[in-house]
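Trainee: I have a structure here, written as structure tokens, and I will follow up with some questions on it.
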Amino acid sequence: MAAPGRVYLVGAGPGDPELITTRGLRRLRQADLVLYDALVHPDQLHAARPGAELVFVGKRAGRIGERQAEINRRLVEAARAGKTVVRLKGGDPYLFGRGSEEAELLAAEGIEFEVVPGVPSPLAATAYAGLSLTHRELASSVAYVTATESVQKDRTDHDWAKLATATQTLVIFMGMRKLDSLCELLIEHGRPADTPAAVVQWASLPKQRTVVGTLADIHALASSAGLGLPALTIIGEVVRLRENLRWFDTKPLFGKRALVTRAVHQAGSLTELLRDEGAQPILAPTIRLAPPEDEGPLRDAVRRLDSYEWVLFTSSNAVDAFFTMLRDQRLDPRALAGAKVCAIGGKTQASLDARGVLADLVPSDARAEGVIAALGPLLSKRARVLLPRAEVAREVLPESLRAAGAEVDVVAAYRNLPPDDPQAERIRALVDPSELDLVLFTSSSTVHNLCSVLGDDAAARLKDIDLFSIGPITTRTATELGLRVAGTAEQQTIESLVDAVRAYYAMGGDGKP
């Protein structure tokens, strides 16, 4: 019989994937089974270990989801089968959720469980909308209220005569469908009609929307703006703080929807930079990395590293592939002791640093011309150079090194492959000018592969979307394929790429003052 498992009731936070707690992430990484709700950000699921079962059990007001009884059954059966289960819930597991009921069930069934609190949606909605639940001069008390299915139930379930004026700040959950009647109830029971009110939808996400008014008109304003679920209503004098406390929806790229074409394992740092600027990154990797078809040349090169004067790394992918082969041959960085190492680009240098290898040379100019200018004077006569890189790449660098008198061994360390069919179909659906503002290209391969996925009408489909490139070579590739590039990074780094995007929109979205 399997040893009993354990269930973790984990709060995923209000929406922003980075607002889950460190403990919540740790439990997520340990899970065999993850049961997650509709409001859980999909990026959080990437933290689950490979092989973990991810099951959507979304339960959102007005939408069909699994009945709670079925969720309960899954929790109990999985735990009794010895599995580690994470019940991942938007916001906090207990605050107007079913977490406490699930915990009661687990206790009754004798199943060990743990509750990992999450950032509650009211804290995020107010912080990200530029409000504050409390304020020394405006509010020293706050109440949370959940709306129910009918006004009749509201009048019996809640004592509105007390609630209307009991606290200075009032937060209403799940009240959008009958905001007009709720506001009438509050006014009817003594809350002034001119009390400031705000509705915040999709709190903490780049698609967040905030409407401000008073109890008298907030329903009309929110309806006119098209706000829907999920949303919170905040009522009280603290709403007046918004103009001074706004910080999220004033970010340079707030609300911009950016297609990220980079490979999955590299996209994280770019998506973080975009979120920091207020953009909504949409992952659409047009590249898959795979070992070369023939790993023999790389294996042979690794075995005779002592025959090379220089080893030249052009990307962090090359570093990853090289050190994977090194490990497979039961070698470690000491095998490089007899060679000097050149790293092209800061990210490549950082990848080497992480493995305890300090590059002897990092050219300030990452283009072939800059590399030759920096490396050429350091090469001895007929120096042997190892260049592990992508299976298909430009020949400018090795040819320039040979022209400088070096003997260059170019070995395929990895392949850049296009997306598989299901992913390609998903990417085609994402490239819609009505749903997308910009596309980021991080290499010529991302350009070629996206155009290949879109087919003959690629240029037409991308015509009304702003395209940004990581460098002049990538821009040239895009131009040759008939695409219009809105901005090119000054340096070939993702930081510079995001800078180019920010500068473009700061100029009005047309690159002009």
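All of the numbers you see were taken from the coordinates with simple rules; none came from a lab. The structure displayed is predicted, hence computed values, not measured ones. Virtual Cβ from ideal backbone geometry, glycine too; neighbours counted across all protein chains shown.
Trainee: Calculate the spin-label point distance for ARG382 paired with ALA429, positioning each point 7 Å from the Cα along the beta-carbon direction, and give it in nanometres.
Mentor: Simple spin-label model gives 6.0 nm for this pair.
Trainee: Further question: Just from its helices, what would the mean residue ellipticity at 222 nm be for the chain, if runs of 4 or more DSSP H residues each count -39500 (n - 2.57) and the sum is divided by every residue, rounded to the nearest 500 deg cm²/dmol?
Mentor: Taken over the chain, the calculation gives -10000 deg cm²/dmol.
Trainee: Let a ≥ b ≥ c be the square roots of the eigenvalues of the Cα gyration tensor of the stretch 290-416; is it rounded (a/c under 1.5), or, if not, prolate (a/b larger than b/c) or oblate?
Mentor: Rounded shape, in that the Cα axes give a/c under 1.5.
Trainee: Using Cα pairs under 8 angstrom and six or more residues apart, how large is the relative contact order of the stretch 123-245, in percent?
Mentor: 33 percent
Trainee: Taking a cut-off of 14 Å between Cα atoms, list the aspartates and glutamates near LYS162, but don't count ones fewer than 8 places away on the same chain.
Mentor: ASP154, GLU188
Trainee: Here is a follow-up. Give the value in nm², to one decimal: projected area of the alpha carbon convex hull of the chain, averaged over all directions.
Mentor: Over all viewing directions, the chain projects a mean Cα-hull area of 29.8 nm².
Trainee: At a 10 angstrom cut-off on C-beta neighbours, averaged per residue, how do the peptides 164-177, 373-386 rank from highest to lowest?
Mentor: Highest to lowest by the protection proxy: 164-177, 373-386.
Trainee: Roughly how big is the stretch 225-269's charge dipole about its Cα centre, with Cβ charges of +1 (Lys, Arg) and -1 (Asp, Glu), in debye to the nearest 20?
Mentor: 220 debye
Trainee: Could the peptides 388-397, 454-463 be put in order, highest first, of the mean number of other beta-carbon atoms found within 10 Å of their residues?
Mentor: The most tightly packed comes first, giving 388-397, 454-463.
Trainee: For the stretch 6-118, just say rounded, prolate or oblate: build the C-alpha gyration tensor, square-root its eigenvalues into a ≥ b ≥ c, call rounded for a/c under 1.5, and beyond that prolate if a/b exceeds b/c, oblate if not.
Mentor: rounded
Trainee: In the structure displayed, which of LYS340/LYS381; LYS207/LYS251; LYS178/LYS207 lie more than 19 Å apart, Cα to Cα?
Mentor: LYS178/LYS207
Trainee: What is the chain's relative contact order, in percent, from Cα pairs under 8 angstrom and six or more apart in sequence?
Mentor: 10 percent
Trainee: Counting other C-beta atoms within 10 Å, which of SER351, SER223, SER364 has the fewest, and how do the rest follow?
Mentor: Least to most surrounded, the residues fall as SER364, SER223, SER351.
Trainee: Here's another thing I want to ask about it. Evaluate the distance, in nm, between pseudo-label points positioned 7 Å from the Cα of ALA193 and of LEU417 along their respective Cα→Cβ axes.
Mentor: 6.7 nm
Trainee: Oh, and also: Give the whole-number value, in cubic angstrom per residue, of the convex hull volume spanned by the C-alpha atoms of the stretch 235-290.
Mentor: 87 Å³
Trainee: Another one. If a/c stays under 1.5 just call it rounded; otherwise compare a/b with b/c (prolate if a/b is bigger, oblate if not). Do that for the stretch 123-245, with a ≥ b ≥ c from the square roots of the Cα gyration tensor eigenvalues.
Mentor: Because a/c hits 1.5 or more and a/b fails to exceed b/c, the stretch 123-245 counts as oblate.
Trainee: Ok, one more. So which aspartates and glutamates pass the test for LYS83, namely a Cα distance under 16 Å, with those fewer than 8 places away in the same chain ruled out?
Mentor: Partners found: ASP32, GLU53, GLU109, GLU112, GLU114.
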